[in-house]
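The values are calculated or read from the model by the stated rules, or taken from the named source; none is laboratory data. As the structure is a computational prediction, the values presented were derived from the model and not from experiment. Cβ placement follows ideal geometry from the backbone for every residue including glycine, while neighbour counts extend to all protein chains displayed.
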Amino acid sequence: MLSIHHKSWRTGWCNAKSRAASGSRQQAASHSAALVIFLYGLVAVSHFFLVSQRAAAGNQDTLTVDAVRVATAWSVDRSRPGDTAILAIVADIQRGFHINADERQIQPFDDFKPYPTRVEVIDVPETITIAAPLYPKAVPLKVQYAAGDLMSFEGQTIIYLPVKLAETIHPGRLDLKLEFAYQACADNYCLFPKIVGIEASLAVVEPGSGVSKINAELFSAYSGMPAAAAPRSVYFALFNWSFSIDVTSAFGFGLLLLTAACGGALLNFTPCVLPLIPIKMISLSHAAQNRKQCVMLGTAMFLGVLAFWLALGVLIALVNEFSAANQLFQYPAFTILVGVIIAAMATGMFGVFSVHLPGFFYMLNPEQKTLHGSFGVGILAAILSTPCTAPFMGTAAAWAATQAPATSLITFAAIGMGMAFPYLVLSASPALVAKIPKTGPVSQLIKQIMGLLMLAAAAYFIGVGLSAMFTSPPDPPSRVYWWPVMLFCAIAGGWLAYRTVRMTARVTLRTVFAVIGTLCITLSAWGAVKLSDAGPIKWQYYSPEKFEKALNQKKVVVMVFTAEWCLNCKALEQGTLTDAKIVALFADENIVPMKVDLTANNPAGKAKLREVGHLTIPLLVIFAPTGEQVFQSDFYTVVQLVNAVTKTLEDATAQSKDAAG
């Protein structure tokens with residue numbers, strides 16, 4: 001490492017540098033470099049050549065140069081048009097070294113002026129505005145070569161650069177090129193001044209997308225950090241239908257809460273929650289003759305659902321690491337526990353079976369005719385809803401997660417009340433459930449069938465949990481658990497047909513239920529084969545390296561965010577992504593189908609989900625070869641997907657021809 005002892009450089013280079021400082025900062029740096037080369041000849045040239053080679057070999061965002069390691073970090077994981085993001089330039093200075101303060105804080109001496117630390121953006125896009133860099137407070141330091149205190153930075157030095165995005169900026173990637181100029185010194189000598197080139201990138205997402213603060217420890221000292229600009233509108237989309245709600249007014253915010261509540265109500269029709277509704281209806285039917293008791297049971301379940309969503313809102317509002325409801329299912333222990341609870345509840349449905357279980361199971365399955373039992377069923381229904389995403393609910397939850405704690409809580413409460421509202425309607429209208437059989441063979445058969453279907457659900461959650469436990473992302477998880485799930489479904493169909501034939505002599509009923517039973521068995525066998533198969537598309541499983549490689553090869557990336565515990569994801573994949581048109585289209589060599597599997601705890605996958613401005617799944621995003629997001633949807637059709645991918649391919653081909661021409 002080349003060093004310059006203070007006796008030999010103070011009167012030479014420093015005086016020359018002081019004279020050059022009267023020009024612009026860029027000219028000063030250039031003149032200084034020229035004088036240094038002139039004074040030190042080939043030795044200095046060789047030194048700079050070696051340093052530049054070392055810098056070029058490193059990562060573009062992290063360079064190790066002499067005694068200082070320079071890196072960049074953003075205050076947010078992504079930004080929207082109109083937002084302000086803060087870029088931190090982090091200089092980790094080796095022990096025993098310091099760098100001089102910035103131009104404003106530096107104190108010149110009689111015979112020389114120290115080389116100031118400087119951050120400058122050298123390539124500023126027209127769609128952003130960059131404020132002046134904010135340097136930390138310099139500290140005085142006594143050194144042998146100066147008569148007084150030298151104002152300097154030591155240890156980890158963080159310089160903040162506020163970046164304001166224009167309202168007209170398009171979604172994609174914001175690339176910045178900067179220069180970090182400094183001089184590292186010990187107490188009795190200094191190294192040559194350095195100008196380090198740095199590049200920093202930030203994802204720009206659609207207005208209304210979620211934004212999360214990151215790198216909190218680096219920005220704790222930045223008291224002037226402006227809050228991210230709240231989006232004026234929240235954008236909702238369902239298949240080909242889309243609309244936006246301006247949330248800046250009280251009416252708009254109220255409309256958003258109503259939309260969130262509608263999304264919560266639709267959660268009851270997802271495959272996650274639907275099996276519980278008949279069970280609750282059976283429970284309410286027993287209290288149908290007592291209107292007061294029926295209302296109280298429905299209210300208790302309502303409060304159970306609401307309590308869970310409020311607790312979820314508190315977690316998302318106050319815990320930085322927790323950003324979405326479905327994160328719970330990324331922990332195998334939680335998924336397995338849910339399966340065990342469902343299995344315990346299922347055993348209570350087999351009224352004619354002599355099943356004797358440990359007392360622990362009966363603690364998990366309290367009597368639903370009690371208030372605390374109904375409250376518990378409400379909590380369970382809400383828990384089961386979290387792997388699924390209903391229309392509108394996912395967008396509302398993602399927006400709420402980026403807002404102030406009070407706003408987040410109100411929005412999540414609206415989702416909970418929307419989900420719980422149907423149970424209040426049922427309890428307030430006993431006539432709706434009064435005709436459900438309460439006793440006798442038919443009632444017992446309904447309970448038994450529901451119990452078998454709940455055992456299928458229990459096998460599903462336990463199987464998913466075990467699959468995640470033995471999976472290392474990005475490798476895909478095993479799907480063998482679908483066989484026991486479908487086995488219970490087949491048994492339910494067969495038992496329905498068998499018991500109906502035994503209970504009735506009517507030929508018509510026997511025939512109908514025999515056909516239903518046969519269909520259940522056949523479809524269960526087909527489902528086990530179909531759902532455990534990898535499918536006709538050759539998916540790549542996401543890693544940052546695979547994604548960058550695809551973009552570098554000028555490919556269109558179709559990225560699907562999915563998980564084994566997400567039944568909505570499975571429904572979309574089986575209904576859309578196995579279509580012959582999609583399979584044929586994805587076989588194109590210019591398209592890379594890529595899955596981000598979040599079954600297990602996948603940090604890289606979760607980071608990518610946040611980067612594209614979403615918190616929940618299912619989600620499909622199409623990236624152009626430039627890395628720009630050109631399509632995003634959580635509910636999509638075959639036609640919609642084919643059109644979006646085809647258009648992206650055509651645009652990419654046209655751009656390639658223009659570039660070649």
Original post:
Out of all the residues in the range 471-489, which are surrounded by 21 or more Cβ atoms within 10 Å (Cβ to Cβ) and of a type in the set (A, V, I, L, M)?
Top reply: Val485, Met486
Subject >> the range 496-513, residues that are surrounded by fewer than 17 Cβ atoms within 10 Å (Cβ to Cβ) and either of a type in the set (A, V, I, L, M) or closer than 14 Å to Pro441 by Cα (or both) >> reply: Tyr498, Val501, Arg502, Met503, Thr504, Ala505, Val507, Leu509, Val512
Original post:
Looking at Pro140, Pro162, which one is loosely packed, with under 15 Cβ neighbours inside 10 Å and either touching a Ser or Thr at 6+ places or on another chain (Cβ under 6 Å) or in a strand (DSSP E or B) (or both)?
Top reply: Pro140
**OP:** Of the numbered conditions (1) at pLDDT 80 or above; (2) surrounded by fewer than 13 Cβ atoms within 10 Å (Cβ to Cβ); (3) among the hydroxyl-bearing types (Ser, Thr, Tyr), Thr117 fails exactly one; give the number of that condition.
**Re:** (2)
Original post:
Gly96 is checked against (1) surrounded by fewer than 17 Cβ atoms within 10 Å (Cβ to Cβ); (2) over 30 Å from Phe623 (Cα atoms); (3) touching a strand residue (DSSP E or B) at 6+ places or on another chain (Cβ under 9 Å) and fails just one. What number does that condition carry?
Top reply: (3)
Subject >> Where a residue in the range 597-617 is closer than 18 Å to Thr335 by Cα and its partner, wherever it lies, is of a type in the set (D, E, K, R) and in a loop (DSSP other than H, G, I, E, B), with Cβ under 7 Å and at least six apart >> reply: Thr599/Glu564
**OP:** Only residues in the range 416-428 that are in the same structural domain as Leu303 (by TED's automatic domain parsing) and crowded, with 22+ Cβ neighbours inside 10 Å count as the first member; pair them with residues that are of a type in the set (D, E, K, R) and modelled with pLDDT under 85, Cβ under 7 angstrom, at least 6 apart or cross-chain, and list the lot.
**Re:** Tyr423/Lys280
Original post:
Scanning the range 620-638 for residues that are in contact with a Pro (Cβ under 7 Å, 6 or more places away or on another chain) and over 22 Å from Thr653 (Cα atoms), which turns out surrounded by the most Cβ atoms within 10 Å (Cβ to Cβ)?
Top reply: Asp634
Subject >> Check on Lys555, modelled with pLDDT of 90 or more, surrounded by 15 or more Cβ atoms within 10 Å (Cβ to Cβ) and within 22 Å of Pro625 (Cα to Cα) >> reply: yes
**OP:** Considering (1) of a type in the set (Val, Ile, Thr); (2) within 25 Å of Val338 (Cβ to Cβ); (3) touching a residue at least 40 places away in the same chain (Cβ under 8 Å), say which one Ile537 fails and leave the rest.
**Re:** (2)
**OP:** Residue by residue through the range 520-543, note down the ones that are hydroxyl-bearing (Ser, Thr, Tyr), buried (at least 19 other Cβ atoms within 10 Å of the Cβ) and assigned to a helix (DSSP H, G or I).
**Re:** Ser524
Subject >> Answer residue from the range 573-596, given it is closer than 16 Å to Ser532 by Cα and touching a strand residue (DSSP E or B) at 6+ places or on another chain (Cβ under 8 Å) and is surrounded by the fewest Cβ atoms within 10 Å (Cβ to Cβ) among those >> reply: Glu573
Original post:
Among the residues of the range 593-602, is there at least one that is hydroxyl-bearing (Ser, Thr, Tyr) and closer than 20 Å to Pro171 by Cβ?
Top reply: no
**OP:** Could you tell me which numbered condition Arg118 fails, if it satisfies all but one of (1) assigned to a loop (DSSP other than H, G, I, E, B); (2) closer than 19 Å to Arg69 by Cβ?
**Re:** (1)
